[in-house]
1. Out of curiosity, is GLY103 of a type outside the set (Phe, Trp, Tyr), without any contact (Cβ under 8 Å) to a residue 60 or more places away in the chain and within 20 Å of VAL46 (Cα to Cα)?
2. Select from the stretch 67-96 the residues that are at pLDDT below 90 and in contact with a strand residue (DSSP E or B) (Cβ under 9 Å, 6 or more places away or on another chain) and write down the one among them that is surrounded by the most Cβ atoms within 10 Å (Cβ to Cβ).
3. Residues being polar (S, T, N, Q), part of a loop (DSSP other than H, G, I, E, B) and more than 22 Å from THR85 (Cα to Cα): count how many of those fall in the stretch 102-132.
4. In the stretch 120-145, what residues are of a type outside the set (Ser, Thr, Tyr), farther than 14 Å from LEU55 by Cβ and at pLDDT 90 or above?
5. From ILE32, ILE41, ILE74, which residue is touching a residue at least 40 places away in the same chain (Cβ under 8 Å), β-branched (Val, Ile, Thr) and not in a strand (DSSP E or B)?
6. For the stretch 103-140: of the residues being among the acidic types (Asp, Glu) and either touching a helix residue (DSSP H, G or I) at 6+ places or on another chain (Cβ under 6 Å) or within 19 Å of SER71 (Cα to Cα) (or both), which is surrounded by the most Cβ atoms within 10 Å (Cβ to Cβ)?
7. May I ask you to list the residues in the stretch 62-71 that are in a strand (DSSP E or B) and over 18 Å from GLY103 (Cα atoms)?
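The values are calculated or read from the model by the stated rules, or taken from the named source; none is laboratory data. Keep in mind that what you see is a predicted model, and the values were worked out from it rather than measured. With ideal geometry, Cβ positions are generated from the backbone for all residues, glycine too; neighbour counts draw on all protein chains shown.
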Amino acid sequence: MRRTLAILSLLSAVSLGACGGDGTGPSGSSTIVGTWNATAIVAAPVSNPSATENLYAEGFRLKFVFASNKSYTIVSSFPGEAPDTSDGTYVQAGSSLTLTSAGDNEVTPIDLTVNGNTATLVVSGVTFDFGAGEVPARMTVTARRD
């Protein structure tokens, strides 16, 4: 589950940039620039999309900060564990956001939608343990801009 949470942290960072809305954030910056806090984090197995697990309800939290210089920082926390921080760079192209982590240069593609101060990110191609071992999953994160 810890590996999944780390992946989710990286993916969540992406959910903030997207298309939609007026295309601008505070002071006319791109839509992704700013500080975002997750308000929903849901995992669903690819084989049974209706069998979801609500990680936000279990206490998992994500905070994303996207800077105008194309760098990002993600802070994730789960009850009983120390917060984890990830950082790197991002590229936004239409409704796609790509994160490249600073530590291992792992690239994470994300599908994005932004509507005003609310963003949704959908990450496919991840795995999650729903109780019977890791299976292919889809993660959906909804976040609100501060």
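1. Numbers: of a type outside the set (Phe, Trp, Tyr): yes; without any contact (Cβ under 8 Å) to a residue 60 or more places away in the chain: yes; within 20 Å of VAL46 (Cα to Cα): no.
For GLY103, the condition - of a type outside the set (Phe, Trp, Tyr), without any contact (Cβ under 8 Å) to a residue 60 or more places away in the chain and within 20 Å of VAL46 (Cα to Cα) - is not met.
2. Ranking the candidates gives GLN92 first.
3. If we filter the stretch 102-132 for residues that are polar (S, T, N, Q), which is where we start, we get 105, 108, 113, 115, 117-118, 120, 124, 127.
Next, from what is left, pick out any that are part of a loop (DSSP other than H, G, I, E, B): 105, 117.
Narrowing the set further to residues that are more than 22 Å from THR85 (Cα to Cα) leaves 117.
Result for the stretch 102-132: 1.
4. VAL122, GLY133, GLU134, VAL135, PRO136, ARG144, ARG145
5. ILE32
6. ASP111
7. Within the stretch 62-71, LEU62, LYS63 qualify.
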